[in-house]
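Note sheet for the following structure.
The values are calculated or read from the model by the stated rules, or taken from the named source; none is laboratory data. The model shown is predicted, which means the values in this text are computed figures rather than measured ones. As a convention, Cβ positions derive from the backbone with ideal geometry for all residues, glycine included, and neighbour counts pool all protein chains shown. Heavy atoms of the whole protein, side chains included, go into the accessibility calculation; ligands, DNA and RNA do not. Shrake-Rupley method; radii C 1.70, N 1.55, O 1.52, S 1.80 Å.
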Amino acid sequence: MSEEPRYQAHLFLCTNDRGPNGKRPSCAHRRSPELRDAVKEACAAKGFPKGAVRINNAGCLDQCERGIAAVLYPSGKWFLDLQA
């Protein structure tokens, strides 16, 4: 017996942290954890019903040079160069 998906959408937002000596930029150093929290708060403030969207931490999405990165599923839409 399969269950229906719990969420209508998942936003995976990179919070990868390579540390202070990383060879490539990392989203965490661009304050992506703060952005993730702000997006969660914005969804709640907009009154999204429970189960509509899930905001997830993601590891590296391999777009490091393009700023904070996120991808929305199931649409597959990418968001790059996001600002915290």
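The apolar share of the surface of the chain, taken as the fraction of accessible area on carbon and sulfur atoms (1.4 Å probe, ligands and nucleic acids excluded), comes to 50 percent. For segment 17-22, backbone phi angles converted through the Karplus equation (6.51, -1.76, 1.60; θ = phi - 60°) give residue-by-residue couplings of 10, 8, x, x, 10, x Hz, Gly and Pro being listed as x.
Note on ASP37: accessible area is roughly 70 Å² with a 1.4 Å probe, heavy atoms of protein only. Helix 32-45 and the longest principal axis of the C-alpha atoms of the chain enclose an angle of approximately 20°. Full extension of the segment from TRP78 to ARG66, taken as 0.36 nm per residue of separation minus the current Cα-Cα distance, would add 3.2 nm. For the set HIS10, HIS29, the ranking by accessible area, highest first and with no ligand, DNA or RNA atoms included, is HIS29, HIS10 under a 1.4 Å probe. Counting lysine pairs in the chain that sit 8 or more residues apart in sequence, or on different chains, and whose Cα atoms lie under 22 Å apart gives 4. With Rh defined as the Kirkwood radius, the inverse of the mean 1/r over Cα pairs, the Rg/Rh of the chain is 1.03.
Using a 4.7 Å Cβ-Cβ cutoff, the cysteines of the chain lacking any partner cysteine are CYS43, CYS60, CYS64. For the residues GLU34, GLU65, a 1.4 Å probe over the protein chains yields an accessible-area ranking, largest first, of GLU65, GLU34. Name the residue farthest towards the positive end of the dipole of the chain from the options GLY47, GLN83, PHE12, assuming +1 on Cβ of Lys and Arg, -1 on Cβ of Asp and Glu, about the Cα centre. Checking the options against the dipole of the chain, the answer is GLN83. On the basis of the beta-carbon distance and an R0 of 25 Å, ALA52 and ASN21 show a calculated FRET efficiency of 0.05.
Solvent exposure of segment 44-84, expressed per residue, is 65 Å² of accessible area, with all protein chains present and a 1.4 angstrom probe.
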